[in-house]
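The values are calculated or read from the model by the stated rules, or taken from the named source; none is laboratory data. Keep in mind that this is a model prediction, so the values were computed, not measured. Please note: Cβ atoms are built from the backbone with ideal geometry, for glycine as well, and neighbour counts cover all protein chains shown.
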């Protein structure tokens with residue numbers, strides 16, 4: 001099954017009670033959670049995620065969200081509530097941002113190790129210090145080794161669809177999933193969003209029925225100390241489950257396309273046919289990069305875009321296929337790992353290492369801390385990078 005998708009935006013057949021609504025990205029996330037029908041939602045407010053829990057609370061007060069919303073004293077306590085609820089055998093959803101995600105760090109490891117398929121939305125925001133509230137993906141990318149699936153979305157529509165898809169993929173692999181959307185550019189910007197009928201989503205997403213759950217007729221224990229050999233085998237099992245995630249996501253996305261008329265792929269190729277240079281990025285920068293690619297194509301330059309939707313596990317085979325035959329790759333990173341530079345840049349360099357005739361990979365730290373990056377700025381950066389020698393370190397650009 002191919003995991004490289006050219007975006008399809010087919011007209012969906014009319015569904016009873018399906019509707020188009022004007023929603024922010026945060027509202028779209030809440031609608032995705034509502035349609036997925038979780039039973040437990042521990043929450044704690046943090047800018048710019050707070051509207052997600054406000055919307056869920058409003059749904060519940062209107063009798064349209066049959067879930068227990070638990071308000072805790074911190075994000076650490078949020079994840080402390082998510083894990084046992086998931087292990088008890090119910091579907092669990094939560095949302096956070098920035099410092100809240102960092103406060104959960106030790107429990108993110110516990111959730112993946114416990115094979116608890118929690119789905120959490122994270123609104124990508126700068127991490128302190130200094131204090132700031134702008135879009136930056138360092139918060140979630142710094143959690144890349146915790147064992148969570150990571151998706152990055154570009155729009156409110158993709159946010160809604162990805163929350164629902166994440167439940168199917170996470171529960172199939174028994175691994176938790178993080179759906180990431182950029183602060184303000186996606187979380188607070190409004191756009192028309194097609195909201196599917198609940199009955200159609202119910203038919204697409206089966207109820208959560210894990211093999212191991214709280215059952216008084218079947219005694220089990222959790223959290224025991226294990227031997228080194230048992231821990232070794234447990235980590236192997238997690239890795240094996242992770243390896244199957246790209247195929248699971250491709251299958252879920254294909255089924256979503258057939259039912260709802262929208263496909264997002266695992267990675268997306270945009271105007272890559274005949275391209276000698278390809279821009280690679282994630283999240284809201286993809287929309288700006290699309291405009292830049294269009295402008296360069298109109299100028300006669302052979303430039304395309306590869307959008308990375310699934311970052312963990314990194315879909316190495318799909319990325320290699322998407323970039324085959326390309327001369328130059330320009331990676332735009334809205335994140336910063338001190339001492340390493342751009343995280344996507346370094347991961348892509350590793351993914352392409354040893355590939356015959358691999359493209360030259362240029363890494364640009366672009367939009368870090370929410371700095372505005374207009375299409376003309378991307379055009380300038382791409383043209384400058386193509387004429388420069390490759391360097392292992394990422395280059396700062398404004």
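Test residue 255 against the stated conditions and say whether it is out of contact with any helix residue (DSSP H, G or I) (no Cβ under 9 Å at 6 or more places or on another chain), in the same structural domain as residue 177 (by TED's automatic domain parsing), part of a helix (DSSP H, G or I) and without any contact (Cβ under 8 Å) to a residue 60 or more places away in the chain. Reasoning before the result, please.
On the way: out of contact with any helix residue (DSSP H, G or I) (no Cβ under 9 Å at 6 or more places or on another chain): no; in the same structural domain as residue 177 (by TED's automatic domain parsing): yes; part of a helix (DSSP H, G or I): yes; without any contact (Cβ under 8 Å) to a residue 60 or more places away in the chain: yes.
Considered against the rule, which asks whether it is out of contact with any helix residue (DSSP H, G or I) (no Cβ under 9 Å at 6 or more places or on another chain), in the same structural domain as residue 177 (by TED's automatic domain parsing), part of a helix (DSSP H, G or I) and without any contact (Cβ under 8 Å) to a residue 60 or more places away in the chain, residue 255 comes out as no.
Taken residue by residue, the range 114-121 has at least one member that is surrounded by fewer than 21 Cβ atoms within 10 Å (Cβ to Cβ) and more than 30 Å from residue 288 (Cβ to Cβ). Which pairs do you get when a residue that is in contact (Cβ under 8 Å) with a residue 60 or more places away in the chain, found in the range 385-398, comes within reach of a residue that is part of a loop (DSSP other than H, G, I, E, B), reach meaning Cβ atoms under 7 angstrom, with the pair 6+ apart or on two chains? Short answer, once both residue conditions are applied: 394/342.
Any residue in the range 352-362 that is exposed (fewer than 14 other Cβ atoms within 10 Å of the Cβ) and within 28 Å of residue 253 (Cβ to Cβ)?
Pass one, the range 352-362, residues exposed (fewer than 14 other Cβ atoms within 10 Å of the Cβ): 353-357.
Remaining after also requiring within 28 Å of residue 253 (Cβ to Cβ): 353, 355.
Checking the range 352-362: at least one residue is exposed (fewer than 14 other Cβ atoms within 10 Å of the Cβ) and within 28 Å of residue 253 (Cβ to Cβ).
Listed by first and then second residue, the pairs with beta-carbon distance under 9 Å, at least 6 apart or on different chains, first residue in the range 113-138 and without any contact (Cβ under 8 Å) to a residue 40 or more places away in the chain, second buried (at least 19 other Cβ atoms within 10 Å of the Cβ) and in a loop (DSSP other than H, G, I, E, B), are 127/136. So how many residues does the range 363-384 have that are within 24 Å of residue 300 (Cβ to Cβ) and surrounded by fewer than 14 Cβ atoms within 10 Å (Cβ to Cβ)? Residues that pass the stated criteria total 3. For the range 225-241, the count of residues that are touching a helix residue (DSSP H, G or I) at 6+ places or on another chain (Cβ under 9 Å), in a loop (DSSP other than H, G, I, E, B) and either in contact (Cβ under 8 Å) with a residue 60 or more places away in the chain or loosely packed, with under 14 Cβ neighbours inside 10 Å (or both) is nonzero.
In the range 347-362, what count of residues is obtained for those that are under 21 Å from the mean Cα position of the chain (by Cα) and in contact (Cβ under 8 Å) with a residue 24 or more places away in the chain?
Applying the first criterion (under 21 Å from the mean Cα position of the chain (by Cα)) to the range 347-362 yields 347-351.
Now restrict to residues that are in contact (Cβ under 8 Å) with a residue 24 or more places away in the chain: 347-349, 351.
The number of residues fulfilling the criteria is 4.
Any residue at all in the range 285-300 that is in contact (Cβ under 8 Å) with a residue 12 or more places away in the chain and part of a loop (DSSP other than H, G, I, E, B)? No: the range 285-300 contains no residue that is in contact (Cβ under 8 Å) with a residue 12 or more places away in the chain and part of a loop (DSSP other than H, G, I, E, B). Return yes when residue 273 is surrounded by fewer than 23 Cβ atoms within 10 Å (Cβ to Cβ), more than 18 Å from residue 363 (Cβ to Cβ) and touching a residue at least 60 places away in the same chain (Cβ under 8 Å) and no when it is not. In short, no.
Answer with yes or no whether residue 92 is under 28 Å from residue 257 (Cβ atoms) and without any contact (Cβ under 8 Å) to a residue 60 or more places away in the chain. Walk me through how you get there before you give the answer.
Working: under 28 Å from residue 257 (Cβ atoms): yes; without any contact (Cβ under 8 Å) to a residue 60 or more places away in the chain: yes.
So residue 92 fits the description; yes.
Identify, from the list 196, 207, the residue that is under 17 Å from residue 41 (Cβ atoms) and over 17 Å from the mean Cα position of the chain (by Cα).
Working: 196 fails: under 17 Å from residue 41 (Cβ atoms).
Criteria check complete, one pass: 207.
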